[in-house]
Amino acid sequence: MNNVTEEEKNLRSKQITKTSIIGIVTNVFLSGFKAIVGLLSGSIAIILDAVNNLTDALSSVITILGVKLAHKKPDAKHPFGHGRVEYFSAIVISLIVLVTGATSLVESIKKISTPTLPEYGAPALIIICVAIVTKIMLGRFVKHQGEKYHSDALVASGADAMFDAIISVSTLIGALITLIWGVSIDGWLGAIIAIVIIKAGADMLAAPLSQMIGARPDSEITQELKKTVREIPGVMGAYDLILHNYGPDNAIGSIHVEISDKLSAREIHKLSKTIQKVVYDKFSVFITVGIYAVHEGDDEAAQLRQRIKEAMLAHEGVIGFHGLYVSDYQDTTEITDKYVSFDVVINFSVGDKDALHTALEQEVLSILPGYGVHINFDTDYSD
């Protein structure tokens, strides 16, 4: 989930396209050979395997189209670019795999109801063995490239190729059983292959769907980003990180930082710009910075902060605390003469938020009686 330079985007597009072309050529050849062997031997399992290879080639074509569309420049209708098209192309590939699996299952059931004995020869077995080795090598290569260039479509294609190798192994086992014992398990093998294909399609569908719905970003990246911000001089804490994903190589976000309430507007402005630059230089993410003012200068304020923090974190469901602000008694411009405000991060498992809010409010009032209490519930979007 990183923004990248135009040169890196072009390199990524070229590598994904190159990998997809290799997949297309390989799968077309495999599909042709398997189709010939399947028709000559009368094996439904080999024919379905050939069809599956053909859908793999189609998947690679869709991957290329998806990458090309995803790298269109932002426009008035899509100011954040078209990067999410890649997720859509991965979904289309997954649906193709699912349809192929369902069709294969229907044909296999027909074969089970009216079985015939396939005729396997040495060329057929050799082609199946070559296909197994080829698909394992192709699958590892494509999946590696997909992970390297953050392409769900390539990862899906690579995983599908590895499943194809397993399917070819089962086809080989079926052929050997037929040759040795004269028993046909072709229809049953076809059904098993179809079920494997359907499961593979469902698994491949999960990742891009999750990204389009709004998956939680990689915790390693978010923790490192917040650590980087906390290390910037003048930052006392970093919280509320949100990253919006607009494609595998495009993200924007926001973060809140705690700073001393003694800083001037000019100093706050300079610090905000520093944070933005540091984050962009290291993570290539454009980030908006929000501010929490922390009262400094006396031990009493620090002790009060620690006391309230411990009281809040003691409640089940509260997993974070930040942004404490206690108004000055003499500050008559506030909503009340005396008030305390802060944010707590709550777990997704909290059911009755109103009851928790009341309990926290009462806890604060026991510490600071007579104060107005403003508690904001935050959601942990990043870790």
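Restricting attention to segment 10-49 and to residues that are of a type in the set (S, T, Y) and free of Cβ contacts under 8 Å to residues at least 60 places away in the same chain, the residue that is surrounded by the most Cβ atoms within 10 Å (Cβ to Cβ) turns out to be S31. For E310, the requirement of being within 30 Å of S349 (Cβ to Cβ), in a helix (DSSP H, G or I) and open to solvent by 90 Å² or more (accessible area, probe 1.4 Å) is met.
Residues are listed down the side, and each one gets a yes or a no for (1) touching a strand residue (DSSP E or B) at 6+ places or on another chain (Cβ under 9 Å); (2) over 22 Å from T134 (Cα atoms); (3) outside any loop (DSSP other than H, G, I, E, B); (4) open to solvent by 10 Å² or more (accessible area, probe 1.4 Å):
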site	(1), (2), (3), (4)
G158	no, no, yes, no
M162	no, no, yes, yes
L176	no, no, yes, yes
A206	no, yes, yes, yes
T228	yes, yes, yes, yes
P233	no, yes, no, yes
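Condition check ((1) in contact with a Ser or Thr (Cβ under 6 Å, 6 or more places away or on another chain); (2) more than 25 Å from E8 (Cβ to Cβ); (3) of a type outside the set (G, A, S)) across all residues:
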{"site": "L117", "(1), (2), (3)": "yes, yes, yes"}
{"site": "P123", "(1), (2), (3)": "no, yes, yes"}
{"site": "V130", "(1), (2), (3)": "no, yes, yes"}
{"site": "K148", "(1), (2), (3)": "no, no, yes"}
{"site": "A153", "(1), (2), (3)": "yes, no, no"}
{"site": "S157", "(1), (2), (3)": "yes, no, no"}
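Looking only at residues in segment 60-91 that are more than 19 Å from the chain's Cα centre (by Cα), more than 14 Å from D249 (Cα to Cα) and touching a residue at least 24 places away in the same chain (Cβ under 8 Å), the one that is least open to solvent (accessible area, probe 1.4 Å) is S60. Within segment 145-156, which residues are open to solvent by less than 10 Å² (accessible area, probe 1.4 Å) and either touching a strand residue (DSSP E or B) at 6+ places or on another chain (Cβ under 7 Å) or aliphatic (A, V, I, L, M) (or both)? Correct list: A153, L154, A156.
Residue under question is S94, and the condition is that it be over 18 Å from the mean Cα position of the chain (by Cα), buried (at least 24 other Cβ atoms within 10 Å of the Cβ) and either under 30 Å from P118 (Cβ atoms) or among the small types (G, A, S) (or both); does it hold? I'd like the intermediate steps shown before the answer.
Working: over 18 Å from the mean Cα position of the chain (by Cα): no; buried (at least 24 other Cβ atoms within 10 Å of the Cβ): yes; either under 30 Å from P118 (Cβ atoms) or among the small types (G, A, S) (or both): yes.
Here the answer is no, as S94 does not meet what is asked.
Residues S210, S157: which one is among the hydroxyl-bearing types (S, T, Y) and either farther than 13 Å from S94 by Cβ or in contact with a Gly (Cβ under 7 Å, 6 or more places away or on another chain) (or both)? Working first, answer last.
Values: S210 fails: either farther than 13 Å from S94 by Cβ or in contact with a Gly (Cβ under 7 Å, 6 or more places away or on another chain) (or both).
Testing whether each residue is among the hydroxyl-bearing types (S, T, Y) and either farther than 13 Å from S94 by Cβ or in contact with a Gly (Cβ under 7 Å, 6 or more places away or on another chain) (or both) leaves just S157.
Only one of the numbered conditions (1) loosely packed, with under 15 Cβ neighbours inside 10 Å; (2) modelled with pLDDT of 90 or more; (3) β-branched (V, I, T) is violated by I375, and that is (1). Scanning segment 244-259 for residues that are closer than 25 Å to M212 by Cα and touching a helix residue (DSSP H, G or I) at 6+ places or on another chain (Cβ under 7 Å) turns up N245, G247, P248, D249, I255. Restrict the check to segment 294-306 and report whether at least one residue is basic (K, R), assigned to a helix (DSSP H, G or I), farther than 27 Å from G81 by Cβ and in contact (Cβ under 8 Å) with a residue 12 or more places away in the chain. Checked against the condition, which is being basic (K, R), assigned to a helix (DSSP H, G or I), farther than 27 Å from G81 by Cβ and in contact (Cβ under 8 Å) with a residue 12 or more places away in the chain, segment 294-306 yields at least one hit.
The values are calculated or read from the model by the stated rules, or taken from the named source; none is laboratory data. As the structure is a computational prediction, the values presented were derived from the model and not from experiment. Cβ atoms come from the backbone with ideal geometry, glycine included; neighbour counts cover every protein chain shown. The area values use the complete protein model at the heavy-atom level, side chains included, leaving out ligands, DNA and RNA. Shrake-Rupley method; radii C 1.70, N 1.55, O 1.52, S 1.80 Å.
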